[in-house]
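Taking it in order: structure first as structure tokens, then the write-up.
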Amino acid sequence: MKILVCMKQVPAGTKVDIDPETGAMKRMSGATRTNPYDLFALETALRIREQQGGTVTVLTMGPPQAEEMMRDAYTMGADDAVILSDRKFAGADVLATSYALSQAIQVLGGADLILCGRQTTDGDTAQVGPAIAEHLHMPHAAWVSEIVETGAEAITVRQDLASVTQVSRIPYPCLITVDKDMCVPRLPSYLLKKETKGRPVRFMGFADMPDQDLSRYGLIGSPTAVERMFAPPEAEKKVYLTGDPKEKTEKLFLALSGKKLI
């Protein structure tokens, strides 16, 4: 089985810079990490490979620095890694991002099963995965909480939706987005780190895309625009109260009442 996992690097904190002209986030302006939901997708892919055989390829769109994340995926068991990186992809919204990823998937020869995290912690739209499936004209299921069965011709999944639980059997090729806590992602392997040290990470750019219409990519191909983006205010620092229990209680009451919390 040919399995592909879409992953993304996201800011590790709130200290990120915003481009004053485009309103887009400068993703490499602060510390980054792998989107937590994508780790569940990768673990799910690795478990399916253990059952059905095949390969697991990880794909991301982002700056060259994303290679660190892809090498982490190697240490967890991924077979191949591809980074879609080009300045022409910068500033992409959900539509342009999903279209670029769908084009890259076609270049890679498609996949029997595509897995994405339910959403990212920076955008929180939960739309990229389903949009990729729509571009590729394949069936999909979002917010999957359990893999019920993986067969040779289809996968059966359980979705926990707003008011119901739905079980669906989806034929390959298909796409699913994985919810959190459906499995426990494995830790990176030191042995795999040594084994994959020299394994290359493939880079692709706009020139590799089958569709060379620039109006479908990046900021130009994004019909939606963010009017304003800003980091949330920092949480207040810890406050330590001194004195005996009675004095601490009085100080706590004054502090909470001063903030109109009580």
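A few points about this structure:
- For the chain, a crude dipole built from +1 on the beta carbon of Lys and Arg and -1 on the beta carbon of Asp and Glu, taken about the Cα centre, is about 740 debye to the nearest 20.
- Cα-based Rg and Dmax for the chain, where Dmax is the largest Cα-Cα distance (Å): 21.6, 72
- Distance from the range 90-131 to the range 169-216 (C-alpha centre basis), Å: 10 Å
- Cross-link pairs exceeding 24 Å in C-alpha to C-alpha distance, out of Lys238/Lys259; Lys88/Lys193; Lys88/Lys197; Lys2/Lys88, comprise Lys88/Lys193; Lys88/Lys197; Lys2/Lys88.
- Using alpha-carbon coordinates, inclination of helix 94-107 to the longest axis of the chain, degrees: 30 degrees
- FRET efficiency for Val239 and Asp122, using Cβ-Cβ distance with R0 set to 51 Å, rounded to 0.05: 0.95
- Judged by the mean number of other Cβ atoms found within 10 Å, the most tightly packed of the peptides 57-69, 38-50 leads the ranking 38-50, 57-69.
- Computed over the range 109-256, the ratio Rg/Rh where both radii use C-alpha atoms and Rh is Kirkwood: 1.15
- FRET efficiency for His137 and Leu191, using Cβ-Cβ distance with R0 set to 51 Å, rounded to 0.05: 0.80
- Principal-axis tilt of helix 245-258 within the chain, Cα atoms, nearest 10 degrees: 70 degrees
- Diffusion of the range 74-139 by Stokes-Einstein, at 4 °C in a medium of 1.567 mPa s and with Rh set to the Kirkwood radius over alpha-carbon pairs, works out to 100 µm²/s.
- In terms of overall dimensions, the range 153-220 has a Cα radius of gyration and Dmax of 19.3, 48 angstrom.
- Summarising the strand pairing of the range 136-262, around 80 percent of its internal DSSP beta bridges are antiparallel.
- Between Val184 and Val164, the simple spin-label model (points 7 angstrom out along Cα→Cβ) gives 3.4 nm.
- Taking the DSSP beta bridges with both ends in the chain, the antiparallel portion is around 40 percent.
- In the context of the full set of protein chains, the range 100-166 has a per residue accessible area of 44 Å² (1.4 Å probe).
- Expressed as a whole percent, the accessible surface of the chain that belongs to carbon and sulfur atoms is 54, based on a 1.4 Å probe.
- Peptides 174-186, 155-167, 245-257 ranked from most to least packed, by the mean per-residue count of other Cβ atoms within 10 Å: 174-186, 155-167, 245-257.
The values are calculated or read from the model by the stated rules, or taken from the named source; none is laboratory data. Because the structure is predicted, anything quoted here is derived from the model rather than measured. Glycine also receives a Cβ, built like all others from the backbone with ideal geometry; neighbour counts cover every protein chain displayed. The area values use the complete protein model at the heavy-atom level, side chains included, leaving out ligands, DNA and RNA. Shrake-Rupley method; radii C 1.70, N 1.55, O 1.52, S 1.80 Å.
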